[in-house]
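Report on the structure given below.
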Amino acid sequence: MLQPALRDSTALQSYIDVSNQFYQDLLGYKPGQTSLQILAKEQWQPFCERVGLNLDSLGIYLPRNQTAVIPSDSETATLSLFHEYFGHGLFCEQNLSGKRLIELEKKLLEEEKQEFQRRQFTLEDVQSFRNKNQTFQELGEFKRQNLEQYELFAIWTEYLLSRKFGLRDKFEKRHDSLQNGNKENFDSVINFSRQYGDLAVFYAFGLRKIQSRKRLLRLSQDIFKNKLDRTRLILHFGSGKEFSDIDLFVISNDIPSTYDSWLDVRAYKTQNIEEGIRVLNPMITDPIIIGKLVFGNTNYWRRLKQQVLAQSITEEAINFSLREYRAEMRRSRDKSLGEHLQMKNLRSAKTFLTNALALKNGDKVLTFNRLIDYAQKRLLSNEKFIELKGGIE
């Protein structure tokens, strides 16, 4: 394990190079917009005074110009590199909240330039301007709402990289004074990483997801562990957008369905798959038809596709979608679930109702995108739509 002194520029570059490669392999990206500034002792004091930073501080990240600044002579300078450059830097580059922080800081900077570019001003003048400035007020409120996650991610980054470079003793010494709430939150992140793996932690923090098969397979291995050995198929479906949740379709008798803000696992037992195909359940037919293989037997997947395509339309299938429509509508009105899940259930209800109408008209639509097109073209002008709803509003 590398343990060079930070003052050595070659050693510093080794830390950066190894860490960059680590992030590139794990996430598919590394810090790319963040710069690093290392100040000697005689430079650190005037810098702190200029930016209003406590002299005892071990580093700072400046969102306005996306620069991590650390003192070179600190005993924990290596951890400051991890915290400021890789922690705050990566968060601001690859997290929507971090991107918003930079956006607000740069907007405020432009407004200050316009205000003071043609006259001399003092720090009091700047403070007076900020107190009346809407962007400054918005920035302050945004920081209050997001500071905890912002700092927690940077501490997690320190932990992760100190573990990689054999610097855990320094990390523990630096953070043994974490206050109760912060310590509990950090311990929660550590426990989460032990249970679900490092990649899951980054995604749970809201970082950008590159949803490639390689990355999704690693995520599945970390989360499902030895249950993967008894899993017949995992498919990736959904939008696959970088800041959307990850949608996995799983056929396994051991893995349950789960839902979180960043991960949606739709799991079915083998016998339920056969039943779902028989009634042309779009929650099953869609991923089977359009999904991408993450794990499992391709011949089994191919056979399922053929079953879906060969399955005939029956009254049982129509009635199934109508029952699911009614059940999802009831759940969409359950305020105890929270607004996000209520909307998710409402979308599911519309999906099942559209599927029932399509099947009744003799159309096997099978996928969500085609169901959306079908609804836009047929439902608004089709009288059968009202009849099919059976008076349910």
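Odds and ends about this structure:
- Full extension of the chain between GLU75 and LYS377 yields a length gain of 102.0 nm, computed as 0.36 nm times the residue separation minus the alpha carbon distance.
- Calculated FRET value between ARG230 and ASN361, using beta carbons and R₀ = 30 Å, to 0.05: 0.15
- Helix 134-164 axis versus longest C-alpha principal axis of the chain: approximately 90°, rounded to the nearest ten.
- Legend: Rg and Dmax of the chain, from Cα coordinates, 26.6, 82 Å.
- Beta-bridge orientation, segment 212-311: approximately 65 percent antiparallel, per DSSP, counting only bridges with both partners inside.
- Label point distance in nm, HIS340-GLN271, each placed 7 Å from Cα along Cα→Cβ: 3.4 nm
- Among the lysines of segment 178-293, pairs that are 8 or more positions apart or on different chains and have alpha carbons within less than 25 Å of each other number 15.
- Placing dummy labels 7 Å off each Cα toward the beta-carbon, the span from TYR29 to ARG278 is 4.7 nm.
- Distance between the pseudo-spin-label points of LYS106 and GLU315 (7 Å out from Cα toward the beta carbon): 6.3 nm.
- The GNM of the chain, with springs linking C-alpha atoms under 10 angstrom apart, assigns the highest mean-square fluctuation among SER188, SER72, SER336 to SER336.
- Model label zone, ARG163; criterion: amide N under 16 Å from point 7 Å along Cα-to-beta-carbon; scope segment 10-41: 19, 22-23, 26-27
- With the cut-off at under 20 Å, measuring from each backbone N in segment 81-105 to a point 7 Å along the Cα-to-Cβ line of GLN149 picks out 83-105.
- Footprinting exposure proxy for LEU346, LEU139, LEU147 (fewest neighbouring C-beta atoms within 10 Å first): LEU147, LEU346, LEU139
- Choice from SER332, SER177, SER239 with maximal GNM fluctuation in the chain (Cα, 10 Å cutoff): SER177
- FRET efficiency for the pair ARG213 and GLN137, taken as 1/(1 + (r/R0)^6) with r the Cβ-Cβ distance and R0 = 41 Å, rounds to 0.35.
- Each peptide in 247-254, 108-115, 47-54 gets a packing score, the mean of other Cβ atoms within 10 Å over its residues, and the list from highest to lowest is 247-254, 108-115, 47-54.
- Among SER312, SER35, sorting on how many other beta-carbon atoms sit within 10 Å of each Cβ, with the fewest leading, yields SER312, SER35.
- By the count of neighbouring beta-carbon atoms within 10 Å, fewest first, MET329, MET283, MET343 end up ordered MET343, MET283, MET329.
- Convex hull volume per residue, computed on the Cα atoms of segment 212-311, equals 90 Å³.
- Stokes-Einstein D (µm²/s) once Rh is taken as the Kirkwood radius of segment 9-204 over alpha-carbon pairs, at 20 °C in 1.002 mPa s: 118 µm²/s
- Our estimate of slack between SER128 and LEU96, defined as 0.36 nm per intervening residue step minus the Cα-Cα distance, is 8.5 nm.
Values in this text are rule-based calculations from the coordinates and carry no lab data. If you're wondering where the values come from, they're calculated on a predicted model, not measured in any experiment. When we count neighbours, we look across all protein chains shown, and the Cβ atoms used for this are built from the backbone with ideal geometry, even at glycine.
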